[in-house]
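The values are calculated or read from the model by the stated rules, or taken from the named source; none is laboratory data. These figures come from a predicted structure and were not determined experimentally. Cβ placement follows ideal geometry from the backbone for every residue including glycine, while neighbour counts extend to all protein chains displayed. The protein model used for the area step is the full one, side chains on, heavy atoms only, and it has no ligands, DNA or RNA in it. Shrake-Rupley method; radii C 1.70, N 1.55, O 1.52, S 1.80 Å.
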Amino acid sequence: MSKSINIITSTVVPVNIENIDTDQIIPARFLKATSREGFGKNLFRDWRYEDDDESKLKKDFPLNDKRYNGKILVGAKNFGCGSSREHAAWSIKDYGFDVVVSSFFADIFKNNALNNFLLPVVVSDDFLQKIFATVDTDNQTEIEVNLPEQTISILSTGEHENFDINNYKKTCLLNGYDDIDYLLSMREEIEQFETASN
Amino acid sequence: MGKTLFEKIWEKHIIKSIEGGPSVLYVDKHFIHEVTSPQAFKGLEQRGLKVFRPQQVVATVDHNVPTINQHLPIKEELSRIQVQTLKENCEKFGIELYGLGHPYQGIVHIIGPELGVTQPGMTIVCGDSHTSTHGAFATIAFGIGTSEVEMVLATQCLMQSKPKLMRINVEGTLNRGVVSKDIILYIISKISASGATGYAVEYAGSAIKNLSMEARMTVCNMSIEMGARCGIIAPDETTFSYIKGRKFAPTNEDWNKALEYWETLFSDDDAKFDAELNIKAEEIEPMITYGTNPGMGIGISGYVPSLNDVDTKDKPSYEKSLHYMGIEPGASMKGKKVDYVFIGSCTNARIEDLRMVASFIKGKHKANDVEVWVVPGSKQVEKQAIEEGINKIFEDAGFLLRQPGCSACLGMNEDKIPAGKYCISTSNRNFEGRQGLNARTFLASPLTAAAAAITGEVSDVREMMNEN
Ligand code: SF4
């Protein structure tokens, strides 16, 4: 897993569906693993295959469409709602994406993504529609996501937008820091807090 | 300025706030289960860490367990390994496990309150989105991912940003045949599956106050289905008397001290909310969902929105959803045939839910071609149902009482709804494939589900209550 994110320039895979829940991203029957690896092959499993049969591709699903590839996944509003399963973030990352773009993310998914160095980029509804439209006319359209500058740009048209991310998380992503490292460094303060509140 | 209930608890648990970033939040209780914990334990081992506060962790198995013949080894190998892995991790790290066969085993969000582990003023987390259930006891309780499970195991803390606050007031008296599940399905249908994202939601108003603890848990449980980080309800006599005497409830002097604190847990009159929503209880009908997210619900006498009622931009998703469900835009849900009835899950598998169903179906029998599963939320619920003779009522009605677990709430264990079949379910999610590959789910209250079990089709329970 690549730790740390800086500038990512890539073509995109557009999945223009609203309310993509984590059961669609990775169905429950694939949650039985006890390790974090290998979830990518079952990403969007039931939208990719007919009747769970790998020989029966659903051709119109973007992941099966040869015209689309890249490190940036674009989904419609309310991406990642539903179950808290981090397996959803693991499967997207494992499949090869580094960024997910949507106009709106569910909270738990957003945290899970950030904890796995998968960058969730929130754009305006307008900008999201622009991305879908541009990619629709030219599937080789490249998008640049610039974390230090907090900008996202459609390179062929020059259209761009700023996105929000809190400073702490930005530093973590740029430098490859985990929350857990930070928390472990606080053990003493945590113990003092416990004593004080008892 | 006054404080909200949420803020009172939040502030008490913040160890440190980072400029322009999240806060370090102390966690009082951490529930774990077999599905979202193995990678967290593995992470601890790789870092050479112990569990920081094992006494504050409670473990059970629920998602993967079969709900018949629980005394036999689990047939499916991967499920068996996952359950076994939790057992080994709990032994290794000194965590109490209520495993299969244990008298306290059950769905994680049912056993916490039932054992009195869940108490007002606490912060509670679990690698499971329906942790919001515990908010019914005036706790800040929310679901987390596995990396966060690892953080809490290692430090009993999390990095969290404070959510915005929303209050939803439900005032008035519920109509006959309308129960707490209908309240929450109604709210979600009003504000959509993403309408509360970024918020902690406090439920208030006379209709909420009049609910039992079980019913309040049903409301808080589904907060996540509108995107809320958590749901929360101020504690009162109903709360205190539910907790008193339970296994891990405080006793004697400790009880008095706890009570004194609990009584301070309410939103002050001049507290400020970022959003507020008022709902009249009288407006609410028995609810049913027709689509593939919990916001796609209507009153039982209503109609599925027609294509003209849907925003152009939303049409493709809407049509995809209805196509999956095999439902026509503009249709009535009443009379829609069902193949399965599932009464269970952390939303509606408490003893009160089972009693409600039993008293409604007493003397009736299920329709011929419907399969009806009643899955108690815990061993204790199962035991009580048997003690009260409710199991006999189910048996006579042709309802199958199974053993505790998540069961058909999610297509992970043996209990799945076959492809293309319709299931009316008291669970919380109607996503594509949630109950099994290509299964179709209608979400409803236990009463509405029971009514469908008797008639074999989606029915208005109010019309059937007159017969009693
Ligand atoms: S009953 Fe369903 S929603 Fe509740 S914890 Fe189990 S799988 Fe999750």
Leading residue by the ranking (farthest from B:C346 (Cα to Cα)) among those in the range B:35-57 that are within 10 Å of chain A (Cβ to nearest Cβ) and among the hydrophobic types (A, V, I, L, M, F, W, C) | B:L49
Among the residues of the range B:375-407 satisfying the criterion of being of a type in the set (V, I, T) and within 16 Å of the ligand (Cβ to nearest atom), which is farthest from B:E76 (Cα to Cα)?
-> B:V381
Scan the range B:15-34 for residues that are open to solvent by 10 Å² or more (accessible area, probe 1.4 Å), more than 9 Å from chain A (Cβ to nearest Cβ) and in contact with a helix residue (DSSP H, G or I) (Cβ under 9 Å, 6 or more places away or on another chain) and jot them down.
-> B:S23, B:D28, B:K29
Being surrounded by 24 or more Cβ atoms within 10 Å (Cβ to Cβ), of a type outside the set (G, A, S) and within 16 Å of the ligand (Cβ to nearest atom) narrows B:T139, B:T131 down to just B:T131
Hey, can you tell me all the residues within the range B:417-432 that are open to solvent by 10 Å² or more (accessible area, probe 1.4 Å), within 9 Å of another protein chain (Cβ to nearest Cβ) and out of contact with any Phe, Trp or Tyr (no Cβ under 9 Å at 6 or more places or on another chain)?
-> B:A419
For the range B:171-192, name all the residues that are within 14 Å of chain A (Cβ to nearest Cβ) and open to solvent by less than 10 Å² (accessible area, probe 1.4 Å).
-> B:I188
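Taking the range B:118-128 only, how many residues are among the polar types (S, T, N, Q) and either within 16 Å of the ligand (Cβ to nearest atom) or at pLDDT below 95 (or both)?
The total comes to 1.
Would you be able to say whether some residue in the range B:332-351 is touching a His at 6+ places or on another chain (Cβ under 9 Å), touching a residue at least 60 places away in the same chain (Cβ under 8 Å) and of a type in the set (V, I, T)? Give the derivation first.
At the first step, the residues of the range B:332-351 found to be touching a His at 6+ places or on another chain (Cβ under 9 Å) are B:345-347.
With the extra rule that they be touching a residue at least 60 places away in the same chain (Cβ under 8 Å), the set shrinks to B:345-347.
From what's left, of a type in the set (V, I, T): B:347.
Within the range B:332-351 (the criterion being touching a His at 6+ places or on another chain (Cβ under 9 Å), touching a residue at least 60 places away in the same chain (Cβ under 8 Å) and of a type in the set (V, I, T)), the answer is yes, since at least one residue qualifies.
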Of residues in the range A:1-51 being more than 9 Å from chain B (Cβ to nearest Cβ) and acidic (D, E), the one surrounded by the most Cβ atoms within 10 Å (Cβ to Cβ) = A:E50
Hey, B:E463 within 16 Å of the ligand (Cβ to nearest atom) and among the acidic types (D, E) or not = no
Name, by its number, the condition in (1) buried (at least 20 other Cβ atoms within 10 Å of the Cβ); (2) in a loop (DSSP other than H, G, I, E, B) that does not hold for B:D269.
-> (1)
Can you tell me which residue within the range B:142-170, out of those that are farther than 19 Å from B:P22 by Cβ and open to solvent by 10 Å² or more (accessible area, probe 1.4 Å), is farthest from the other protein chains (Cβ to nearest Cβ)?
-> B:N169
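Residue-wise test of (1) more than 11 Å from chain B (Cβ to nearest Cβ); (2) of a type outside the set (K, R); (3) over 30 Å from B:S147 (Cβ atoms); (4) open to solvent by 20 Å² or more (accessible area, probe 1.4 Å).
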{"site": "A:D53", "(1), (2), (3), (4)": "no, yes, yes, yes"}
{"site": "A:L57", "(1), (2), (3), (4)": "yes, yes, yes, yes"}
{"site": "A:Y68", "(1), (2), (3), (4)": "yes, yes, no, yes"}
{"site": "A:A76", "(1), (2), (3), (4)": "no, yes, no, no"}
{"site": "A:H87", "(1), (2), (3), (4)": "no, yes, no, no"}
Test: residue in the range B:108-122 that is within 30 Å of A:S91 (Cα to Cα) and open to solvent by 10 Å² or more (accessible area, probe 1.4 Å) = no
Only one of (1) over 23 Å from B:D369 (Cβ atoms); (2) more than 16 Å from the ligand (Cβ to nearest atom); (3) touching a helix residue (DSSP H, G or I) at 6+ places or on another chain (Cβ under 8 Å) is not met by B:L410, so which one is it?
-> (2)
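Determine which member of the set B:A397, B:A408, B:A439 is of a type in the set (G, A, S), open to solvent by less than 30 Å² (accessible area, probe 1.4 Å) and under 14 Å from B:A349 (Cα atoms). Steps first, please.
On the way: B:A397 fails: under 14 Å from B:A349 (Cα atoms); B:A439 fails: under 14 Å from B:A349 (Cα atoms).
None of the other options fit; the residue is B:A408.
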If B:P316 satisfies every condition in (1) open to solvent by 30 Å² or more (accessible area, probe 1.4 Å); (2) of a type outside the set (D, E); (3) within 14 Å of chain A (Cβ to nearest Cβ); (4) within 16 Å of the ligand (Cβ to nearest atom) but one, which is the exception?
-> (4)
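When you check A:I108 against the structure, is it buried (at least 24 other Cβ atoms within 10 Å of the Cβ), within 18 Å of B:F142 (Cα to Cα) and β-branched (V, I, T), yes or no? Give the steps one after another, and end with the answer.
Details: buried (at least 24 other Cβ atoms within 10 Å of the Cβ): yes; within 18 Å of B:F142 (Cα to Cα): yes; β-branched (V, I, T): yes.
So A:I108 passes the test.
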Quick one: in the range B:45-98, which of the residues that are open to solvent by 70 Å² or more (accessible area, probe 1.4 Å) and closer than 21 Å to B:I124 by Cα is farthest from the ligand (Cβ to nearest atom)?
-> B:K50
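Per-residue answers, yes or no, for (1) out of contact with any Pro (no Cβ under 9 Å at 6 or more places or on another chain); (2) open to solvent by less than 40 Å² (accessible area, probe 1.4 Å); (3) assigned by TED's automatic domain parsing to the domain that holds B:D353:
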{"position": "B:A207", "(1), (2), (3)": "yes, yes, no"}
{"position": "B:M213", "(1), (2), (3)": "no, yes, no"}
{"position": "B:A228", "(1), (2), (3)": "no, yes, no"}
{"position": "B:G231", "(1), (2), (3)": "yes, yes, no"}
{"position": "B:Y261", "(1), (2), (3)": "no, no, no"}
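Just to check your reading of the model, which residue among B:Y340, B:Y303 is within 16 Å of the ligand (Cβ to nearest atom), open to solvent by 30 Å² or more (accessible area, probe 1.4 Å) and more than 14 Å from every other protein chain (Cβ to nearest Cβ)? Can you show your working first?
Values: B:Y303 fails: within 16 Å of the ligand (Cβ to nearest atom).
After ruling out the rest, the residue left standing is B:Y340.
Keeping to the range A:96-109, report how many residues are over 8 Å from the mean Cα position of the chain (by Cα), of a type outside the set (S, T, N, Q) and either more than 8 Å from every other protein chain (Cβ to nearest Cβ) or within 18 Å of B:S147 (Cβ to Cβ) (or both). Working first, answer last.
In the first step, residues of the range A:96-109 are kept if they are over 8 Å from the mean Cα position of the chain (by Cα); the result is A:96, A:102-109.
Okay, now just the ones that are also of a type outside the set (S, T, N, Q), so A:96, A:104-109.
Okay, now just the ones that are also either more than 8 Å from every other protein chain (Cβ to nearest Cβ) or within 18 Å of B:S147 (Cβ to Cβ) (or both), so A:96, A:105-109.
So the answer is 6.
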Sole miss for B:V372 among (1) buried (at least 24 other Cβ atoms within 10 Å of the Cβ); (2) away from the ligand (no atom under 13 Å from the Cβ); (3) closer than 12 Å to B:R355 by Cβ is condition (3)
Test: residue in the range B:148-160 that is outside any helix (DSSP H, G or I), small (G, A, S) and at pLDDT 95 or above | no
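Of all residues in the range B:275-287, which are in contact with a strand residue (DSSP E or B) (Cβ under 6 Å, 6 or more places away or on another chain) and either within 18 Å of B:L211 (Cα to Cα) or in the same structural domain as B:S317 (by TED's automatic domain parsing) (or both)? Please lay out each step first, then the result.
Within the range B:275-287, the first condition is being in contact with a strand residue (DSSP E or B) (Cβ under 6 Å, 6 or more places away or on another chain), and the residues that meet it are B:275-279, B:281, B:285, B:287.
Answer for the range B:275-287, where residues must be in contact with a strand residue (DSSP E or B) (Cβ under 6 Å, 6 or more places away or on another chain) and either within 18 Å of B:L211 (Cα to Cα) or in the same structural domain as B:S317 (by TED's automatic domain parsing) (or both): B:N278, B:I279, B:A281, B:E285, B:M287.
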Pairs returned, first residue in the range B:171-184 that is in a loop (DSSP other than H, G, I, E, B) and charged (D, E, K, R), second residue that is at pLDDT below 95 and open to solvent by 20 Å² or more (accessible area, probe 1.4 Å), beta-carbon separation under 8 angstrom, 6 or more apart or interchain, are B:R176/B:M465
Meets criteria (of a type in the set (K, R) and away from chain B (no Cβ under 14 Å)) for A:K93 = no
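Using the structure shown, decide if B:L259 is touching a helix residue (DSSP H, G or I) at 6+ places or on another chain (Cβ under 9 Å), part of a loop (DSSP other than H, G, I, E, B), more than 14 Å from chain A (Cβ to nearest Cβ) and not β-branched (V, I, T).
Details: touching a helix residue (DSSP H, G or I) at 6+ places or on another chain (Cβ under 9 Å): yes; part of a loop (DSSP other than H, G, I, E, B): no; more than 14 Å from chain A (Cβ to nearest Cβ): yes; not β-branched (V, I, T): yes.
No: the conditions fail for B:L259.
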